[in-house]
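Trainee: Please find one structure pasted underneath; my questions will follow.
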Amino acid sequence: MTVIGEISELWRYPVSSTGGERLDAASVAAGGLVGDRLWGIVDLRDGSVAGPETRRHWRPVPNLASRLGADGPQLRQGDGPWLDAGSPAADTLVSDFLGFPAALRPHAPFGTERADHVTPRYGRADLHVLTTASMRALGDLLSDPAQVDPRRFRPNLVVDTTPSLAGFVEHGWVGRRLAIGDLTLAVSEPCARCAFTSLAQGELAFEPAVLHQIARHGEGGFGVLCAVEAAGELRVGDAVRLIG
């Protein structure tokens, strides 16, 4: 068992495709980070679910922020008030922000249908892990390394890797396991990337070179997807160990 770094950032995205919330600690259960991607945004004109990487009218969505409140996901724009997902005020906010009728809806379990719910856009893995080694390697391929920011890649865990590790190191962990306290993760595959990585959000510019360089040098993706084998608690600063 080898220490390969420590958790430097924890992220949760209660409303899919929106900006996430950065955490100091989180619980992980079977299926992933508790409270992650519970709701989506739907276009009331045709029933489609927000996909900023595929359709231009969804591109502003990452500039909305989401968090997990006491009674479930909440949403806000800029420094405005936090609004409960599913409330009329939240639906008005997303409609006004996007410029067409839209609403927030809870996700149905993937592969099922439920009234007043929406199906997630994809069957996601339990957790997405990204390393600082990979982000540095990608930054070295860009004219503006500052454009490599975790918000583009939407990880759950960012691992600050030890200085001896360089390049897209987590790709070499596929088929192995990570141990973080009582938590055990099976690394299943590289995380395939789409145009979401290029989108502008906050002070980050629209930067197609991010995806282009991942396609050229990322060996099938950027970061890795993991399955939860043993649940546990995570905190920023926890040591991350590679097993096997």
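A short reminder: the numbers here are calculations on the coordinates, not readings from a lab. Values in this document were obtained by computation on a predicted structure and should not be read as measured data. Glycine also receives a Cβ, built like all others from the backbone with ideal geometry; neighbour counts cover every protein chain displayed.
Trainee: Counting alpha carbon pairs within less than 8 Å and at least 6 residues apart, what relative contact order, in whole percent, applies to the chain? Walk me through the intermediate numbers first.
Mentor: Numbers: 579 pairs, mean separation 64.6, N = 244.
Computed value for the chain: 26 percent relative contact order.
Trainee: What is the magnitude of the charge dipole of the chain about its Cα centre, with +1 placed on the Cβ of each Lys and Arg, -1 on the Cβ of each Asp and Glu, and no other charges, expressed in debye to the nearest 20? It would help to have the intermediate numbers written out before the result.
Mentor: Numbers: 23 positive and 29 negative charges, 94 e Å.
Using only the charged Cβ atoms, the result is roughly 460 debye.
Trainee: Name the residue, out of A30, A231, A179, whose mean-square fluctuation peaks in a Gaussian network model built on the chain with Cα pairs under 10 Å.
Mentor: Comparing A30, A231, A179 in a Gaussian network model of the chain, the most mobile one is A30.
Trainee: Further question: Write down the Kirkwood hydrodynamic radius of segment 171-214, to one decimal in angstroms, obtained as one divided by the mean of 1/r over all alpha carbon pairs. Before the final figure, lay out the partial values.
Mentor: Details: mean 1/r = 0.0777 Å⁻¹.
Across segment 171-214, the inverse of the average 1/r is 12.9 Å.
Trainee: Test of understanding: what is the full-extension gain from R151 to A215, defined as 0.36 nm times their sequence separation minus their Cα-Cα distance? It would help to have the intermediate numbers written out before the result.
Mentor: Values: separation 64, 0.36 × 64 = 23.04 nm, distance 1.85 nm.
In short, 21.2 nm is gained.
Trainee: Okay, next question. Take A30, project a point 7 Å from its Cα along the Cβ direction, then tell me which residues of segment 68-110 have their backbone nitrogen under 20 Å from it.
Mentor: What the label zone holds, given the 20 Å backbone N cut-off, is 108-110.
Trainee: What is the gain in length, in nm to one decimal, between D71 and A230 on full extension, counting 0.36 nm per residue of separation less the C-alpha to C-alpha distance?
Mentor: Full extension of this stretch gives 54.6 nm more.
Trainee: Here's a follow-up. Could you give the nm distance between label points at S188 and A115, where each point is 7 Å from its Cα heading toward the beta carbon?
Mentor: Reported label-point gap for S188 and A115 is 3.2 nm.
Trainee: How large is log10 I(q)/I(0) at q = 0.11, 0.20 Å⁻¹ when the Debye formula is applied to the Cα atoms of segment 106-244, each weighted equally and without solvent?
Mentor: Each listed q corresponds, in turn, to -0.45, -1.22.
Trainee: Another one. Mind telling me which of A166, A205, A85 comes out most flexible in a GNM of the chain, alpha-carbon contacts under 10 Å?
Mentor: Highest fluctuation among the options: A205.
Trainee: Given +1 on the Cβ of Lys and Arg, -1 on the Cβ of Asp and Glu, and no further charges, what dipole in debye does segment 117-206 carry about its Cα centre, rounded to the nearest 20? All intermediate terms of the calculation are to be shown ahead of the outcome.
Mentor: Working: 9 positive and 9 negative charges, 57 e Å.
Using Cβ point charges on Lys, Arg, Asp and Glu, segment 117-206 gives about 280 debye.
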